[in-house]
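In what follows, a single structure is set out as structure tokens and then discussed.
Please treat every number below as a calculation from the coordinates, not as lab data. If you're wondering where the values come from, they're calculated on a predicted model, not measured in any experiment. Please note: Cβ atoms are built from the backbone with ideal geometry, for glycine as well, and neighbour counts cover all protein chains shown.
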């Protein structure tokens, strides 16, 4: 374990100098375009090429190697997962799909486990409190997913795959542009994935756990259509839909023969207009609808149905004040609604928000300021801010520091669940501080950041009251670059995630104090080989039956990839998950993926 984590750290630190800048562009860190090396919050981007090289199928698998990111899963692919960013809880991490909120309003979580990489073009991760940019939930950070945009020339691709455990995979995509000047662009993408899987739970936990295989199937569709009316005016629409059927186990089942299944759906629709209203004024007007649906079944009979809808109208205006100085101001209206077989005391709420921001550069100095005020119809007003500063010691070395205030609004379960909810709850509130140093040159981007977060008014699950507090201190390192022709992505996180109660101070469940990831890849002509390592020290969890506290053992998992280009349009690839068949747990009592080989054939036309 220790050797693996040290290897990741050394790979991140052994960086020679180059003269060319890293010019990858991100938008999530400030709501405006900027180079990733210029972002003040610790931000990383996973590109389309890196997604393809990973050979991974779903988003949680891809994110496991990223700094500050941990996740647990109740079985195999598609089963319920939990996301932790800088030690914060699942409902304290905001996930956006093309800028659209898609979280469940009852749990506050986003179903990352239903997001297939065949539909994703890039991912941006911003760590730390950024509620002043996006509102509730962004205590630990924001993960923004961008769906496939396609290419400007007409063309498509098709991909088929198969693997162990009865795994099947199909993807088809077509995109292009029409019109004399290519002013209308379009893209359509379809994918299907299915697997027989493995038993989600260890039958030793309960005599009524069904030991059969728990399979998963998913069908996803995404597309976009955009038209440029003029060099300064564009309108478009984007949509995304992922529908999964998952089989899972229940330790409290009445019979060993019980079959538990669920239908899970995540959807996003957005319409937008981008207009340059003057030489210094750029307007972005958008309407979006995010949907989360979860229907549970027992032996084919419905046990529950719940659908969450986030409907939002947003108007953002960016003003160029001077060279390297931009101000932003905007309004947002968010309507949230729950439809369920559970009769919630209150099924909806409205949120009105106003926000503003400033980005400026003065020689070696850079500043980012953001403020936001929101008014919730159920609990009142929430105000947040972000202040960040960057100083360039040289062309390649930069110092950063920031302070932020963020919050999480209580969920509908916490507020309005009949018999258990508490409508008097206050939102969870956090203060976040970080300081870092960055090295950026040529293909290399190395960042080391120390952070401190204090979260007050934590909501206790039962009884539902504001009672606890969490303090999380840590240091995280991320590196992306190329050394001797080897593409490397590495991370190492050291943190102390502690929950404080009136009587104890304990490490937060399912979160490690040390974890890291390392991926390497190298091309040899038409052949590309790659390897990934994810490793974690021990964590704690509550046992699946008695809920007593138990320690989860450290683990190291290695995945291998290979791709061979038959010609310019056709390639074959393979991924070997858990190459050494490591037995480990991400959640107590739940099994994880053993060694598994999957192969793919891809053709572009």
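Hey, what's the Cα Rg ratio for the chain versus the globular rule of thumb, 2.2 N^0.38 Å?
Working: Rg = 23.4 Å, N = 605, 2.2 N^0.38 = 25.1 Å.
Cα Rg divided by the expected 2.2 N^0.38 Å: 0.93.
Compute the FRET efficiency between residue 364 and residue 325 as 1/(1 + (r/R0)^6), taking r as their Cβ-Cβ distance and R0 = 22 Å, and round to the nearest 0.05.
Numbers: r = 15 Å, r/R0 = 0.69.
The computed FRET efficiency comes out at 0.90.
Using the count of nearby Cβ atoms within 10 Å as a rough guide to exposure, how do 439, 389 rank from fewest to most? Let's see the in-between values first.
Working: 439 19, 389 16.
Final ranking by Cβ density, sparse to dense: 389, 439.
Assuming R0 = 30 Å, what is the FRET efficiency of residue 603 and residue 581, from their Cβ-Cβ distance, to the nearest 0.05? Numbers along the way, then the final one.
Values: r = 32 Å, r/R0 = 1.07.
Calculated value: 0.40.
For 471, 126, 557, what's the fewest-to-most ordering of other Cβ within 10 Å of each Cβ? If you can, show how the numbers build up before the last one.
Numbers: 471 16, 126 25, 557 21.
So the ranking, lowest neighbour count to highest, is 471, 557, 126.
Rounded to the nearest Å, what's the spacing between the alpha carbon centres of region 21-99 and region 108-183? Just the number, please.
Answer, in whole Å: 11.
At 222 nm, what value in deg cm²/dmol follows for the chain if DSSP H runs of at least 4 each add -39500 (n - 2.57) and the sum is divided by all its residues, to the nearest 500? Walk me through the numbers before you get to the answer.
Details: 5 runs with 33 residues, N = 605.
Here the helix-only value at 222 nm equals -1500 deg cm²/dmol.
As an exercise, use a Förster radius of 25 Å and the Cβ-Cβ distance of residue 151 and residue 243 to find the FRET efficiency, rounded to the nearest 0.05.
Details: r = 26 Å, r/R0 = 1.06.
In this case the efficiency is close to 0.40.
How many nm separate the modelled label positions at residue 379 and residue 280, each set 7 Å beyond the Cα in the direction of the Cβ?
Here the answer is 4.0 nm between the modelled labels.
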